[in-house]
1. With respect to residue 441, determine if the residue is out of contact with any Lys or Arg (no Cβ under 6 Å at 6 or more places or on another chain), touching a residue at least 24 places away in the same chain (Cβ under 8 Å), open to solvent by 10 Å² or more (accessible area, probe 1.4 Å) and closer than 30 Å to residue 75 by Cα.
2. With the requirement that a residue be of a type outside the set (A, V, I, L, M) and either surrounded by fewer than 19 Cβ atoms within 10 Å (Cβ to Cβ) or part of a loop (DSSP other than H, G, I, E, B) (or both), what does region 468-490 give you?
3. So, in region 202-216, exactly how many residues are in a loop (DSSP other than H, G, I, E, B), under 15 Å from residue 252 (Cβ atoms) and aromatic (Phe, Trp, Tyr)?
4. Kindly check whether there is at least one residue in region 71-80 that is more than 22 Å from residue 48 (Cβ to Cβ) and surrounded by fewer than 19 Cβ atoms within 10 Å (Cβ to Cβ).
5. I need the full set of residues from region 363-373 which are open to solvent by 10 Å² or more (accessible area, probe 1.4 Å) and modelled with pLDDT of 95 or more, in order please.
6. Here are 396, 380: which of them is exposed (fewer than 15 other Cβ atoms within 10 Å of the Cβ) and in contact (Cβ under 8 Å) with a residue 40 or more places away in the chain?
7. Hey, among the residues in region 103-116 that are out of contact with any Lys or Arg (no Cβ under 6 Å at 6 or more places or on another chain) and crowded, with 16+ Cβ neighbours inside 10 Å, which one's modelled with the lowest pLDDT?
Amino acid sequence: MTRSPEGDAGAHDGGESFVALLQRRARSEPSRVFARFDGLALTFADLDRQSDALAAEIRRRGIARGERVAVMMRNALPVLALIIGLAKAGAVWVPVNPRQRGAGLRYLIENSAPSLVFADAGAVADLEAAGVEAGRIVAHEEGASALDAILSGPAEFNEASPSADDLFAVMYTSGTTGQPKGVRVSHAMLAVAADGAAIVSDAKPGDVLFVWEPLYHIGGAQLLVLPLIRDVTLAMVPRFSAGQFWDEVRRERATHIHYLGGILQILLKQPPQDHDREHPVRVAWGGGCPPETWEPFRRRFGVQIHECYGMTETSSIATCNIAGPVGSVGQPLPWFDLRIADAGGQPVGPGSRGGIELRAKRPGALFEGYFNNPQASAAAFRGAWFSTGDIGSLDAAGNLFFHGRASDSVRCKGENVSAWEVEHVAAQHPAVEDCAMIGVPNGLGDEDIKLFLKPKPGQTVDFAAFSAWLGGQLAPYQMPRYIAVIADFERTPSERIMKHRLPKSTTGCWDRADATPSQPSTASLPQ
């Protein structure tokens, strides 16, 4: 791990895992608070002792370094010690969304083949249905549980720390458009992720970072190392709640909030309050703030927006914009080269769109491949350049602008229509809380556009009027033919919509081609 630009909490050998730094911090500052969860504190000393106990239990169960252990749990203080304990033992953490079930869960289990699974008690039946033997499951529930007993047990664990090159986790991609892939995350990658978070958040000594992001997503996992390299505290809550968000922030005296997906848009669409600026937050940092949200959010809530771009494969964060133009995701972090390339892999000039590609200048900044998926691993790289699968462009100053996923587009009327562009227009309508676009076959060799709308509470959507409103801002080939209303979207841990779960059926949809009379919205999903 490199030394942080500011507020460095201590030197760290770049060949070590971050767990060695935790052990030193626990000795030098045992009573310092590492994190709070709903106000309950966990000190460095407690985290070190509990994670030692977990590591000792892992070894007692005969699990060797390099074996995989799945964790299917919601955010909680014991999960912090559990993850760090796995790292100390050299076991490979496989984070699993506790809401996962059925074929999706079976795929993750079969692909990762964990030797042991720690799970919330409510997930045990789903795990057994996915083929996990009961004897390989350690269940957890609030109060006394097997995990609590392990963490409070003997803490004798004196093995050497893993190296930076050792595998820390297999983190499965969100799978918003297809089957998840297991990203091989080394200990070095998590160190890079923490350094990136420190730069983008601009965290100072004494700051408090509000954490709603699940630890089983890279956006949450990257924060595990941050209190070790900056003198900051994590203030964790069980989940994101738009209605309780600012009250929780005030209660925790948080100076930073993290956003992904549509979080800022959702917060901005909450009813204005007289005390919208009565909070200690200085910086909102993350990825996915559209230009039309940026300034209204900053003015209403009085916070700085620090936008970034990246993915699990790039140690979470690859670029950042702290003081650049609104709408840009910024310039590459010091350990990356960035280029925009055409389909043949040739760089394109400023203003031209192409694929976003990254090359590492620091060991561990890029992943080394997908777990048990050599075909996907080979397809992800063009020599030393990682092809992100995203579309972007650079301005003359080298600022990156994101234009959506290359795979998240629809071929309509002979044109490639970016879902990102259509959705960012539709989301500006005052009656719309969130939206998602997919393509549906039209029998003519390409697709028609289907747009799902989640109305704001208490709002209805006049479909004909909404379509006319879109027509003033979109090109004819970008116009949705079908519009459907949905009560809510299935989402990934980072709050991104799982589009592959949205039905392609057009039954019950408003159809622009038929000039169907205006209909009020109902919170139902056509099947």
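1. Values: out of contact with any Lys or Arg (no Cβ under 6 Å at 6 or more places or on another chain): yes; touching a residue at least 24 places away in the same chain (Cβ under 8 Å): yes; open to solvent by 10 Å² or more (accessible area, probe 1.4 Å): yes; closer than 30 Å to residue 75 by Cα: no.
Considered against the rule, which asks whether it is out of contact with any Lys or Arg (no Cβ under 6 Å at 6 or more places or on another chain), touching a residue at least 24 places away in the same chain (Cβ under 8 Å), open to solvent by 10 Å² or more (accessible area, probe 1.4 Å) and closer than 30 Å to residue 75 by Cα, residue 441 comes out as no.
2. First pass over region 468-490, keeping only residues of a type outside the set (A, V, I, L, M): 469, 471-473, 476-478, 480-482, 488-490.
Matches in region 468-490: 469, 471, 472, 473, 476, 477, 480, 481, 488, 489, 490.
3. The number of residues fulfilling the criteria is 1.
4. First, pick out the residues of region 71-80 that are more than 22 Å from residue 48 (Cβ to Cβ): 72, 74.
So of that shortlist, the ones also surrounded by fewer than 19 Cβ atoms within 10 Å (Cβ to Cβ) come out as 74.
Yes, that holds for at least one residue.
5. Applying the first criterion (open to solvent by 10 Å² or more (accessible area, probe 1.4 Å)) to region 363-373 yields 363-364, 366, 368, 370-373.
Of everything in region 363-373, those that are open to solvent by 10 Å² or more (accessible area, probe 1.4 Å) and modelled with pLDDT of 95 or more turn out to be 366, 370, 371.
6. Details: 380 fails: exposed (fewer than 15 other Cβ atoms within 10 Å of the Cβ).
After ruling out the rest, the residue left standing is 396.
7. Applying the first criterion (out of contact with any Lys or Arg (no Cβ under 6 Å at 6 or more places or on another chain)) to region 103-116 yields 103-111, 113, 115.
With crowded, with 16+ Cβ neighbours inside 10 Å added as a condition, the list becomes 104-109, 111, 115.
Values: 104: 80, 105: 88, 106: 91, 107: 89, 108: 92, 109: 96, 111: 94, 115: 97.
My answer is 104.
One line per residue, one yes/no per condition, for (1) assigned to a strand (DSSP E or B); (2) closer than 23 Å to residue 264 by Cβ; (3) aliphatic (A, V, I, L, M):
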residue: 392; (1), (2), (3): yes, yes, no
residue: 398; (1), (2), (3): no, no, no
residue: 422; (1), (2), (3): no, yes, yes
residue: 438; (1), (2), (3): yes, no, yes
residue: 451; (1), (2), (3): yes, yes, yes
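The values are calculated or read from the model by the stated rules, or taken from the named source; none is laboratory data. Fair warning: this is a prediction, and the values are worked out from it, not measured in the lab. Every residue, glycine as well, gets a Cβ built from its backbone with ideal geometry; the counts of neighbours run over all protein chains shown. Accessible surface is based on the protein model in full, side chains and every heavy atom, while ligands, DNA and RNA are left aside. Shrake-Rupley method; radii C 1.70, N 1.55, O 1.52, S 1.80 Å.
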